[in-house]
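Peer 1: Below you'll find the structure I mean.
The values are calculated or read from the model by the stated rules, or taken from the named source; none is laboratory data. Computed from a predicted structure; not experimentally measured. Cβ atoms come from the backbone with ideal geometry, glycine included; neighbour counts cover every protein chain shown.
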């Protein structure tokens, strides 16, 4: 016990002797531990998404590449049965579809808000882990107008009483009977089943309205089967469907059709890599200071050897000191984690905690113990390598520490790389946010309501905050509502090697085009179309591969009247799709509106306008909010990377400052002698600045090419890209140089202005 107390006392004394270096080491390591802990936490969360499903490794969401253009998560109704009956590798398949209950109540008691209702096929209850509380488990035996509800919904409307057999009434005069109750699904899931009903399947292959899931047999080669499905083409009339995109259940989170989720696996990997680099910087910083102090510690250890201390005793003493510092950094890291956890969960889109952060940080304890043991051996080996005389006798010579030079350079490389990536990302997001996308997106939106169309338009146009409201068939931006498609299989002048062109269909006239601010590339001044006439966009025109597409016919029916400029209607990471614009029909189901003022005032005004109607509910999609949702992932990643950049730069600057303090202490006598022989303060400053500015130059030379290659590849995923100009490189170099100058300037200035006589006396 006495020895432990002695070790702790000596350890505290040695750590307090070098207050600046100790504080910087603890702070740097604390930040490194916190970043690694958050990375572990995020990776665990993502890797365990939907892991509670016992068949999670065998379940896939089936998506299609079809004549409707691109990859779609919405599939035809017959697909599930087709997969089960034609492919023996498929053990089971089911379909799901979201539907609205329109304000359901039980005995006048409303369901909880944000209740998600899905119609599913009976196989869904076999594939997914529905844990039944009461009621009929076999959906095929329910009959018509039966539903099952989650346990929290049952408690909300019935308390502790059984809801089985009770009637559910909705605002659209539908009535359902509760047939069963199942346990709530975890939040840590791609699904949100609050209410389920048996799906009524539309068996038409040319109608897509369902999500299809397939469960493969466990003993087959899943990847080989998925490759086989790429050639499985289903032809129904003019439509061709290839169901070739099979997404594992655990990866659905990254391919969700809702753009607002904006969770990308690449973001997790980037943050993990950044966290590892920060930890490396912190360790390099700590090891640099450790090695820089090794010479002075070597003399002390040599004296201990002379007075009879064994290698084991010195090892225990040093290990106590290092473990004390490292565990102090660990606890400080825990504090940083607690302070940043709420913000981190928001940026990483983490809904619920699945792993204790202390458990995540606990993985670092073994690393701390191992590192302490290794570090405690180095000084012992250093002492044994040299003679006692060389260690005990004072010397003015200070050998060049190459590890220190490399360590500082590596930290500056990482910091420069982070800064460069952050600046480029910031430029790209600013460019996407403020550049012209050739379509109106600000203060514009689309509304769906059960209020009769003409009356709804009249009510909206009476509102002071709405400048214009018009009926439309399809929203041009954002896509997803009512979007239809077709395939150009034949056209005048079609090259022999040309492939069919899948394109999106929208209905257009001059008033709608002016409303959206569309621009004509080639063609008439008016956007009105006659019968069998069609406008196409630039992308469509390029794919036709014709010198003059205007006037040519498509599929022997539609004559091309003009070419409309491409506009960005999808996420910036998506390429512009071919669009075809047809004359407006009278089946317009949406209302496009332009408004003044803020979004909240608009919502309140529309709610008040519809409140006295029979069906006052409505669905609204805002153009600017939708576009910002597209950029949410980039914005979140930028914030995480920005924090990482600041942290890495601070660690590097802290390390440089600590080394400058130590270097100035070691070279006090040398600086004094230089001044006696005529050296000026500026000469002393130049000596230190030259060393560290050289390292900044070397770090920039290494970091800039790496950063440019990484960001060039990252920018390629966008349809519109910002430029990486020379001024980006120059401004970052100047900025880092200024920070390093400020970091070392004061301490070097102080050392250079010391009185040589006082220095010689102190020595």
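Peer 1: Just the residues that are within 21 Å of residue 472 (Cα to Cα) and free of Cβ contacts under 8 Å to residues at least 40 places away in the same chain, please, taken from the stretch 562-598.
Peer 2: 586 - this is the single residue of the stretch 562-598 that is within 21 Å of residue 472 (Cα to Cα) and free of Cβ contacts under 8 Å to residues at least 40 places away in the same chain.
Peer 1: Given the criteria outside any loop (DSSP other than H, G, I, E, B), surrounded by fewer than 21 Cβ atoms within 10 Å (Cβ to Cβ) and modelled with pLDDT of 85 or more, does residue 455 qualify?
Peer 2: Spelling it out, residue 455 is indeed outside any loop (DSSP other than H, G, I, E, B), surrounded by fewer than 21 Cβ atoms within 10 Å (Cβ to Cβ) and modelled with pLDDT of 85 or more.
Results for (1) under 30 Å from residue 622 (Cα atoms); (2) crowded, with 17+ Cβ neighbours inside 10 Å; (3) modelled with pLDDT under 85, shown as yes or no for each residue.
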| position | (1), (2), (3) |
| --- | --- |
| 390 | no, no, yes |
| 400 | no, no, yes |
| 408 | no, yes, yes |
| 411 | no, yes, yes |
| 416 | no, yes, no |
| 424 | yes, yes, no |
| 435 | yes, no, yes |
| 440 | yes, yes, yes |
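Peer 1: In this structure, does residue 124 turn out to be free of Cβ contacts under 8 Å to residues at least 40 places away in the same chain and in contact with a strand residue (DSSP E or B) (Cβ under 6 Å, 6 or more places away or on another chain)?
Peer 2: No, not satisfied.
Peer 1: Take residue 647 and tell me if it is modelled with pLDDT under 75, buried (at least 17 other Cβ atoms within 10 Å of the Cβ) and either in contact with a strand residue (DSSP E or B) (Cβ under 9 Å, 6 or more places away or on another chain) or under 28 Å from residue 21 (Cβ atoms) (or both).
Peer 2: So residue 647 does not fit the description; no.
Peer 1: Considering only the stretch 136-152, state which residues are at pLDDT below 90, touching a strand residue (DSSP E or B) at 6+ places or on another chain (Cβ under 7 Å) and outside any loop (DSSP other than H, G, I, E, B).
Peer 2: 139
Peer 1: Something else about it: Residues that are at pLDDT below 85, within 25 Å of residue 626 (Cα to Cα) and not in a loop (DSSP other than H, G, I, E, B): does the stretch 475-489 have at least one?
Peer 2: yes
Peer 1: Filtering the stretch 631-641 down to residues that are outside any loop (DSSP other than H, G, I, E, B) and at pLDDT below 80, which residue is farthest from residue 430 (Cα to Cα)?
Peer 2: 641
A quick yes/no check of all residues on (1) loosely packed, with under 15 Cβ neighbours inside 10 Å; (2) assigned by TED's automatic domain parsing to the domain that holds residue 178; (3) within 30 Å of residue 227 (Cβ to Cβ):
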{"residue": "83", "(1), (2), (3)": "no, yes, yes"}
{"residue": "87", "(1), (2), (3)": "no, yes, yes"}
{"residue": "99", "(1), (2), (3)": "yes, yes, no"}
{"residue": "112", "(1), (2), (3)": "yes, yes, no"}
{"residue": "115", "(1), (2), (3)": "no, yes, no"}
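Peer 1: Would you check if there is a residue in the stretch 299-322 being within 30 Å of residue 43 (Cα to Cα), modelled with pLDDT under 75 and outside the structural domain of residue 630 (by TED's automatic domain parsing)?
Peer 2: yes
Peer 1: With the stretch 164-221 as the region, which strands (runs of 3 or more DSSP E) entirely inside it contain at least 1 residues that are at pLDDT below 90, under 36 Å from the mean Cα position of the chain (by Cα) and assigned by TED's automatic domain parsing to the domain that holds residue 115?
Peer 2: 208-216
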